[in-house]
Amino acid sequence: MNKLSLALIAALGFAMPAAMPAQAHQIWIEQPEQGNATIRFGEFGENLREVSPGLLDKFGKPAATLLSAKGEQKAEAAKTADGFALPFKAANGESIVAEDTLYPLYTWKQGDKETTNWFHPAARLITGFAEQAPKLTLDLVPTGKPGQFKLVFQGQPKAKTKVMLVTQSGWAKEEHSDEQGLVTFDLPWKGTYVAEVSLNERTPGERQGANGAEKYDGVSYVTTVTYVHPDGLAPVPAGPAATPNK
């Protein structure tokens, strides 16, 4: 890494965490210059993409929606060896949202009490910072200002919540949303950024699963936003690909 990059990192307050947040994996949307978009599952900043056979097989049926001036195009994703392929891509001015509402419930212990939890991963891909309306339960949407997002939960702005911005090299910047749910990041490098936010909702409920009604004690929402920045310094290369989990 050159001296200019190091100086810029220090000035912006970037830090290399010893480990990424210890919450569940996230999903994010990747879109190559040529070809359709793909939903990935793993840790973007650690260059970890889960595969099948493996943890990728835990998903139910992730679905996605292409949002454009022409309207909405919905589609189920098709599982591949290292992700879920979508039948479309977002052109300039368009975006994609995706979520998996049927990830298996899991049980964990809090002291002597067992708690059943619902992991609810979601993702958004944007091609620019034109203002967008929220579509996901926990959503992070561009506001019209470069680098600025609005955090929304159940249709309302969510204040004082941590949002992490990660680059392909694993460098990360942490900010907190203000009273209006707004959070702003500098984008010094050219290349792909993924913003991530999580929220634990400790309200019991019931969902319709593959085998009927399933009760849960709380929901762990994890939502990401992918943006490919066309300008800036040359990106720091990603590290070696991490070994997928079984």
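Selection of region 65-88 for residues being touching a Ser or Thr at 6+ places or on another chain (Cβ under 7 Å) and assigned to a loop (DSSP other than H, G, I, E, B) yields Ala81, Gly83, Leu86.
When Leu125, Leu67 are checked against the criterion of being open to solvent by 20 Å² or more (accessible area, probe 1.4 Å), under 20 Å from Thr38 (Cβ atoms) and either in contact (Cβ under 8 Å) with a residue 60 or more places away in the chain or among the small types (Gly, Ala, Ser) (or both), Leu67 stands alone in meeting it. Pairing each residue of region 75-93 that is without any contact (Cβ under 8 Å) to a residue 40 or more places away in the chain with any residue that is of a type in the set (Val, Ile, Thr), provided the two are 6+ apart or on different chains, yields C-beta distances under 9 Å for Ala75/Thr65; Ala77/Thr38; Ala77/Ile39; Ala81/Val51; Ala91/Thr127; Asn92/Thr127; Gly93/Thr127. Looking across region 50-79, the residues that are of a type in the set (Lys, Arg) and modelled with pLDDT under 95 come down to Lys58, Lys61, Lys70.
Cβ separations smaller than 9 Å between residues 6+ apart or across chains give the following pairs from region 165-188 residues that are closer than 17 Å to His229 by Cα and in a loop (DSSP other than H, G, I, E, B) to residues that are open to solvent by 60 Å² or more (accessible area, probe 1.4 Å) and of a type in the set (D, E, K, R): Gly170/Glu46; Leu187/Asp231. Assessment of region 97-109 against the conditions (within 21 Å of Gln208 (Cβ to Cβ) and loosely packed, with under 14 Cβ neighbours inside 10 Å) yields at least one matching residue. Taken over region 219-232, the criterion of being part of a strand (DSSP E or B), in contact with a Gly (Cβ under 9 Å, 6 or more places away or on another chain) and under 20 Å from Ala172 (Cβ atoms) is satisfied by Tyr227, Val228, His229. Take region 172-192 and flag every residue that is open to solvent by 20 Å² or more (accessible area, probe 1.4 Å), within 19 Å of the chain's Cα centre (by Cα) and among the polar types (S, T, N, Q). Matches in region 172-192: Thr184, Thr192. The listed residues are Ala195, Ala133, and the only one of them that is closer than 28 Å to Phe59 by Cβ, open to solvent by 60 Å² or more (accessible area, probe 1.4 Å), out of contact with any Gly (no Cβ under 9 Å at 6 or more places or on another chain) and not basic (Lys, Arg) turns out to be Ala133.
The values are calculated or read from the model by the stated rules, or taken from the named source; none is laboratory data. Since this is a predicted model, take the numbers as computed values, not measurements. Positions of Cβ are generated from backbone atoms using ideal geometry, with glycine treated the same way; all protein chains shown enter the neighbour counts. Ligands, DNA and RNA are excluded from the accessible area calculation, which covers all protein heavy atoms including side chains. Shrake-Rupley method; radii C 1.70, N 1.55, O 1.52, S 1.80 Å.
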